[in-house]
Amino acid sequence: MARSKKRLPDEAPRVRDAEATQRRILAAAKREFARLGLGGARVDDIALKAKANKRMIYHYFGSKEGLFQRVLEDAYQDIRAAEAKLDLAGLPAEKALEQLVRFTWKYYLDHPEFLTLVNSENLHKARHLKASKNIDVINRPLHGMVQSILDRGVQEGTFRPGIDEMQLNVTIAAISYYYFTNRFTGAVLYKKDFMTPETLKARIDFNVDTILRLVRA
């Protein structure tokens, strides 16, 4: 009869150490990629700021490209997880959509690194997301959530039928994304600070009004 293999006393601590090292690497990589992009970020600097051996980066993630892909996947996972906490299913459709628009705005405001990571990936024509085996699963809940809101709005008589879920999602993201990524040039062109509390409030209120006018029956 084969004897069961006993766990070595230090096996669990080693697993925890490996997980902690990966978390530190990912946190440092996220900051460096957001600050400098894929091309500008250096593995040596990421390792130094993560207090990790550079060889461990290649061991866990394969390459700088692999590390960037993982950072992107985690960034999308984080925003999808935050959206899931909104619990919009119990709200009237119009209120649910307003909450989603306001959430998207606030998330972009509070997580500028998400926008810069997406910008960097677009410069590389989304090759890392195309290679990802997880991104479709990560983003699927958003599509279902928005479609559910649209369907509920039609049933309630507040939304017009036939609205394309993808187009609405793109528009919600775009009206916030553009504002933040172009705030510096916009400030020069319009002679206005785009980031004061007053201008931020005026913009999100305008965004909500725009989206609701777009979908109302």
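Residues in region 72-87 that are hydrophobic (A, V, I, L, M, F, W, C) and within 10 Å of the chain's Cα centre (by Cα) were compared, and the one that is farthest from residue 143 (Cα to Cα) is 72. Kindly indicate whether any position in region 20-38 is surrounded by 17 or more Cβ atoms within 10 Å (Cβ to Cβ), over 17 Å from residue 129 (Cβ atoms), modelled with pLDDT under 95 and among the small types (Gly, Ala, Ser). No, the conditions are met nowhere in region 20-38.
When we screen 139, 119 for residues that are within 20 Å of residue 35 (Cα to Cα) and assigned to a helix (DSSP H, G or I), the only hit is 119.
The one condition from (1) within 23 Å of residue 201 (Cα to Cα); (2) surrounded by 13 or more Cβ atoms within 10 Å (Cβ to Cβ) that residue 119 does not meet is (1).
The rows are residues; the columns are (1) in contact (Cβ under 8 Å) with a residue 40 or more places away in the chain; (2) crowded, with 21+ Cβ neighbours inside 10 Å; (3) among the hydroxyl-bearing types (Ser, Thr, Tyr).
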position	(1), (2), (3)
62	no, no, no
82	no, no, no
86	no, no, no
93	yes, yes, no
102	yes, no, no
108	yes, no, yes
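Restricting 50, 41 to those that are modelled with pLDDT of 95 or more, touching a Phe, Trp or Tyr at 6+ places or on another chain (Cβ under 6 Å) and not acidic (Asp, Glu) reduces the list to 41.
The values are calculated or read from the model by the stated rules, or taken from the named source; none is laboratory data. What you see is a predicted model, and the numbers here were worked out from it, not measured in a lab. Cβ sites come from the backbone with ideal geometry, for glycine too, and all protein chains shown count toward neighbours.
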